[in-house]
Amino acid sequence: MTSLAKAGGTLRPATPARGRPRSEAVERAIVEGVMKLLEDGVPLAELSIERIARTAGVGKAAIYRRWSGKEELFVDVVRTAEPPDPPLPGTSMRDDIVVLLESLRQRGLVTRTSAILHNVHAQMKQSPKLWASYHEAVIAPRRRVGLEVLRRGLENGELRTDLDLELVNDLFVGPMLVRAIMRPDDDLPEGLSEQIVDAVLEGLRPVSSPSVSSPTP
């Protein structure tokens, strides 16, 4: 699969090209063709490779050279429309988790304001194969990044050693997902990421051993 990423407003392959030289203009035309069809209200289930090729003004072979099928193409289209994954500061576990949650908050805001993304996410969940492709290509890698941040925090003494990191990750991510997806009428204000992280960390940091005072004579 050829993953696309935004860089300076342009699309570029995230992996080195193999075989025939890849044309950025062709890839852009294909992605924009899919977006146009979605804007016109065409359901994902009715988007065929033939129709996408016709709209993009390319041949079907140009699509199949870059994606094995519709599922991989749709995942790249959605990923291109979302905010890019941010670099982590690496200054502390807290700072990294704040950045990860802020990325989720920004995605929530984009999905709320983008009728296309909102519609596509809803339709993707109705297609197990498409949702599995999206989960494998987008959600799972982001989760692995979060778990790696927590492992470093555990090694650095920023977390208690008795914690299940999978559960801890859910404790951080869960509140933001509830606000962004399950309660779409709730606000996603600036500073929400910091509030969530600091509230959760309050109960996860190592507890300092109480000092033992000398007995009173």
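Placing pseudo-labels 7 Å out from each Cα toward the beta carbon at Asp187 and Arg152 gives an inter-label distance of 3.2 nm.
Geometric descriptor of the chain, per residue, is 155 Å³ (volume of the convex hull of the Cα atoms).
Estimate the FRET efficiency between Ser68 and Lys36 by the formula 1/(1 + (r/R0)^6), using the beta-carbon distance for r and 25 Å for R0, to the nearest 0.05.
That gives a FRET efficiency of 0.65.
The alpha carbon convex hull volume per residue for the stretch 44-102 rounds to 114 Å³. The C-alpha atoms of the chain define a longest principal axis, and helix 93-113 lies at about 40 degrees to it. For Ile30, Ile181, the sequence from fewest to most other C-beta atoms within 10 Å is Ile181, Ile30.
By the beta-carbon count within 10 Å of each Cβ, the least crowded to most crowded order of Trp67, Trp131, fewest first, is Trp131, Trp67. Computed extension length for Val145-Leu204: 19.3 nm, one decimal, from 0.36 nm per residue of separation with the Cα-Cα distance subtracted. Helices in the chain, meaning DSSP H runs of at least 4 residues, each add -39500 (n - 2.57). Divided by all residues, the mean residue ellipticity at 222 nm is -17000 deg cm²/dmol. Within a Cβ distance under 12 Å of Leu204, other residues only, what is the Lys/Arg minus Asp/Glu net charge? Charge balance near Leu204 sits at -2.
Using a ≥ b ≥ c from the Cα gyration tensor of the stretch 93-201 (square roots of the eigenvalues), is it rounded, prolate or oblate, where a/c under 1.5 gives rounded and otherwise the larger of a/b and b/c decides, a/b for prolate? Spell out each step's value before the answer.
Numbers: a/c = 2.56, a/b = 1.50, b/c = 1.71.
Because a/c hits 1.5 or more and a/b fails to exceed b/c, the stretch 93-201 counts as oblate.
Read the figures in this text as sums done on the coordinates, not as results from a lab. Quick caveat, the model's predicted, so the values are computed rather than measured. Methodologically, a virtual Cβ is constructed for each residue, glycine included, from the backbone with ideal geometry; neighbour enumeration extends over all protein chains shown.
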